[in-house]
1. Checking the condition modelled with pLDDT under 90 and either surrounded by 11 or more Cβ atoms within 10 Å (Cβ to Cβ) or under 30 Å from LYS74 (Cβ atoms) (or both), which residue from LYS192, LYS198, LYS105, LYS128 passes?
2. If I ask for residues that are acidic (Asp, Glu) and either surrounded by 19 or more Cβ atoms within 10 Å (Cβ to Cβ) or over 21 Å from TYR107 (Cβ atoms) (or both), which ones from the range 62-82 would you list?
3. For the range 97-118, which positions are of a type in the set (Gly, Ala, Ser) and not in a strand (DSSP E or B)?
4. Would it be correct to say that VAL96 is modelled with pLDDT of 90 or more and either in contact with a Phe, Trp or Tyr (Cβ under 6 Å, 6 or more places away or on another chain) or surrounded by 10 or more Cβ atoms within 10 Å (Cβ to Cβ) (or both)?
5. So, restricting to helices (runs of 4 or more DSSP H) that lie completely within the range 1-72, which ones have at least 2 residues that are modelled with pLDDT of 85 or more?
6. Could you pull out the residue among ILE140, ILE121, ILE131 that is touching a helix residue (DSSP H, G or I) at 6+ places or on another chain (Cβ under 6 Å), part of a strand (DSSP E or B) and either closer than 20 Å to MET87 by Cβ or not basic (Lys, Arg) (or both)?
7. Being within 16 Å of ARG73 (Cβ to Cβ) and touching a residue at least 60 places away in the same chain (Cβ under 8 Å) is the filter here, so list the residues in the range 131-148 that pass it.
8. Of the conditions (1) within 19 Å of the chain's Cα centre (by Cα); (2) over 18 Å from THR157 (Cβ atoms); (3) in a strand (DSSP E or B); (4) of a type in the set (A, V, I, L, M, F, W, C), ALA94 clears all except one; give me its number.
Amino acid sequence: MYNERLVKVLKLGAAVITVVLVFILGYGTASVQSKMKPKAVPSTQAVQKKGANSPKELKRKEVEDFLVAYYTRKDLGENRNRYKPFMTEGLYTATVSEEDKPLEKTYQGYVVDRAYQDATIYIDTENKMVISQVRYSQLILEEKDKREGKSYTEQGTATLRLTYSETEAGFLVNQIEPIVLSDGTELTQGSKLDTIPKQ
């Protein structure tokens, strides 16, 4: 009734197709898994390269030298030539643009003799970031450019996050951001302040 030869050929063909499909699926799965696994060899090579080059670390003295140059000035913009060597070209241009804004120029001649006092410096060497709490003093004049007239000395503080870029010449400040540090005692979002009941 059935052609026995045709049935054998169909069975053999189905078996061959099944073997080929199993082989293709196995090979495809293995190649996908190998691509998803992180390779240990490049990371080992990266560690060896770092060890061979022995990268420089950002030092407190470098940060403090920048802060002295940045915060010590007779008047607005007078210290540009001193802080320029510590900055990337992009940051220097942005800082000069900020100093040239009308709001900053308003205080020129009134806020003078700014002097760096000291700083608390926290260095994250891995990410090349610094958080510094800078203390400085400055003279506030009542009349523009009249140092012999009425004036008073003001003590100021600033908290900055400095991001550094490593170059062949060393580390350069790439970004300056004013930040606010908290000791965690303030209210967090969503918490309530207990009120004192009226008596």
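1. LYS105
2. As a first pass, look at the range 62-82 and keep what is acidic (Asp, Glu): 62, 64-65, 75, 78.
Across the range 62-82, the qualifying residues are GLU62, GLU64, ASP65.
3. Hits for the range 97-118 are SER97, GLY109.
4. Values: modelled with pLDDT of 90 or more: yes; either in contact with a Phe, Trp or Tyr (Cβ under 6 Å, 6 or more places away or on another chain) or surrounded by 10 or more Cβ atoms within 10 Å (Cβ to Cβ) (or both): yes.
For VAL96, the condition - modelled with pLDDT of 90 or more and either in contact with a Phe, Trp or Tyr (Cβ under 6 Å, 6 or more places away or on another chain) or surrounded by 10 or more Cβ atoms within 10 Å (Cβ to Cβ) (or both) - is met.
5. Those helices (runs of 4 or more DSSP H) span 4-36, 60-71.
6. Details: ILE140 fails: touching a helix residue (DSSP H, G or I) at 6+ places or on another chain (Cβ under 6 Å); ILE131 fails: touching a helix residue (DSSP H, G or I) at 6+ places or on another chain (Cβ under 6 Å).
Selected residue: ILE121, the only one of ILE140, ILE121, ILE131 that is touching a helix residue (DSSP H, G or I) at 6+ places or on another chain (Cβ under 6 Å), part of a strand (DSSP E or B) and either closer than 20 Å to MET87 by Cβ or not basic (Lys, Arg) (or both).
7. Residues satisfying the conditions are VAL134, TYR136.
8. (3)
The values are calculated or read from the model by the stated rules, or taken from the named source; none is laboratory data. Nothing here was measured: the structure is a model prediction, and the numbers come from that model. Reconstructed Cβ throughout: ideal geometry from the backbone, glycine too, with neighbour counts over all protein chains shown.
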